[in-house]
1. Anything in the stretch 116-162 that is within 14 Å of the ligand (Cβ to nearest atom), part of a loop (DSSP other than H, G, I, E, B) and without any contact (Cβ under 8 Å) to a residue 60 or more places away in the chain? List them, or say none.
2. Quick one: in the stretch 37-61, which of the residues that are farther than 17 Å from Ser18 by Cβ and touching a Phe, Trp or Tyr at 6+ places or on another chain (Cβ under 9 Å) is surrounded by the fewest Cβ atoms within 10 Å (Cβ to Cβ)?
3. Can you name the number of the only condition in (1) touching a residue at least 60 places away in the same chain (Cβ under 8 Å); (2) over 17 Å from Ser287 (Cα atoms); (3) among the aliphatic types (A, V, I, L, M) that Ile42 fails?
4. Given the condition charged (D, E, K, R), farther than 26 Å from Pro269 by Cβ and either in the same structural domain as Val136 (by TED's automatic domain parsing) or part of a loop (DSSP other than H, G, I, E, B) (or both), answer yes or no: does some residue in the stretch 54-66 qualify?
5. Could you look through the stretch 183-201, keep only residues that are of a type outside the set (Ser, Thr, Tyr) and assigned to a loop (DSSP other than H, G, I, E, B), and pick out the one that is farthest from the chain's Cα centre (by Cα)?
6. Quick test for you: out of Glu204, Glu216, pick the one residue that is part of a strand (DSSP E or B), within 11 Å of the ligand (Cβ to nearest atom) and farther than 15 Å from Gly153 by Cβ.
7. Is one or more of the residues making up the stretch 77-98 under 17 Å from Gly290 (Cα atoms), away from the ligand (no atom under 16 Å from the Cβ) and either touching a Gly at 6+ places or on another chain (Cβ under 6 Å) or in the same structural domain as Val260 (by TED's automatic domain parsing) (or both)?
8. Counting only residues that are within 16 Å of the ligand (Cβ to nearest atom) and at pLDDT 95 or above, which one in the stretch 281-302 is surrounded by the fewest Cβ atoms within 10 Å (Cβ to Cβ)?
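The values are calculated or read from the model by the stated rules, or taken from the named source; none is laboratory data. Quantities reported herein were computed from a predicted structural model and do not represent experimental measurements. When we count neighbours, we look across all protein chains shown, and the Cβ atoms used for this are built from the backbone with ideal geometry, even at glycine.
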Amino acid sequence: MAKEYDLVIIGAGPGGLSAGLYAARSRLKCVALEKRVPGGQITDTERVDNYPGFPDGVLGVELGQLMHQQAERAGMEMEYAEVTSLTLEGNSKRVATTEGGYLAKAVIITSGANPMKLGVPGESEFTGRGVSYCSVCDGPFFTGKPIAVVGGGDSAVEEGDYLTRFASQVTLVHRRDELRATKVLQERAFSNKKMDFRWNTVVEAIRGSSVVSALELRDVKTGQKATLEVPAVFIYVGLRPNIEFLNGLIKLDSGGHIAVNLWMETQVPGIFAAGDVRCNSAKQVVSAAGDGATAAIAAERYIKEWRP
Ligand code: NAP
């Protein structure tokens with residue numbers, strides 16, 4: 001038997017938890033489904049410095065827990081399950097998960113995004129054995145050792161700076177000669193004596209025997225090859241939206257993000273999308289939270305008019 005709700009929220013990151021807070025305060029019967037931990041991607045970062053209201057920053061895990069507590073106190077339910085499909089049954093939406101089914105009048109998709117892969121030889125083979133996508137999880141294993149980070153965006157620069165707490169040296173390998181990251185993060189990284197930069201350089205392969213021992217690098221301007229001996233590489237080359245469970249139900253943009261209007265409505269009535277999974281997202285904690293609130297307000301309006 002499927003459990004019945006007014007609203008099912010897929011994913012309990014900042015977008016999902018804000019949506020749950022607003023929906024519960026509107027007295028909608030709502031549940032958030034989360035396959036990992038409340039907070040989503042922010043739990044993979046040590047500190048969030050740009051969420052308003054925390055002048056000294058806040059730990060990613062703590063912010064996730066606080067958002068979760070607030071939404072639950074308002075009346076949102078939370079269940080731990082991985083969503084496997086979303087389908088329509090008349091005006092109802094059926095959400096299948098690894099732990100059972102749900103039937104809802106409306107659904108808000110806040111399933112976020114996962115780190116993209118580099119796609120080079122050795123990457124899959126050495127994942128968990130020197131190749132990592134999570135500095136908070138794996139950084140301490142490389143205390144006192146030189147390591148590499150790949151990418152030039154906010155994630156690579158921020159996590160590279162964080163990793164210098166453990167590593168003896170962090171070499172940031174970037175394919176251009178200019179970082180994409182926010183200026184304040186760049187300034188912090190450039191003034192960090194434990195960080196150095198390999199510009200115009202790509203990783204061609206990750207080598208090792210049982211664990212990573214080196215990266216094969218190529219200068220994209222000169223073609224010159226080099227070997228960087230490190231026991232670990234942290235890869236931060238962008239995010240891929242989590243939309244596998246949709247099976248073509250909803251229109252996506254060319255990057256696989258869900259197309260929405262300004263009310264976070266998808267082209268399917270009663271299905272909304274918010275946060276990193278939606279098209280044109282600023283991909284910030286604060287914007288995901290704002291999206292979630294907007295989607296919940298729109299969902300409440302939709303549910304008021306809902307007929308089976
Ligand atoms: P991103 O902004 O898309 O940056 C990805 C970086 O990886 C770029 O520098 C890109 O190079 C490089 N890259 C992409 N594919 C590559 C490849 N195949 N080989 C080598 N390099 C490659 O991704 P992100 O840093 O994960 O950030 C994602 C979003 O989250 C952004 O909107 C960001 O602002 C946000 N975010 C915010 C914070 C924060 O506010 N503190 C923290 C983390 C993330 P090019 O520059 O040459 O394209």
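1. Selection gives Gly119, Gly152.
2. Gly57
3. Exception for Ile42: condition (2).
4. Scanning the stretch 54-66 turns up at least one residue that is charged (D, E, K, R), farther than 26 Å from Pro269 by Cβ and either in the same structural domain as Val136 (by TED's automatic domain parsing) or part of a loop (DSSP other than H, G, I, E, B) (or both).
5. For the stretch 183-201, the residue satisfying everything is Lys193.
6. On inspection, the qualifying residue turns out to be Glu204.
7. Looking through the stretch 77-98, none of the residues is under 17 Å from Gly290 (Cα atoms), away from the ligand (no atom under 16 Å from the Cβ) and either touching a Gly at 6+ places or on another chain (Cβ under 6 Å) or in the same structural domain as Val260 (by TED's automatic domain parsing) (or both).
8. The extreme case among them is Val286.
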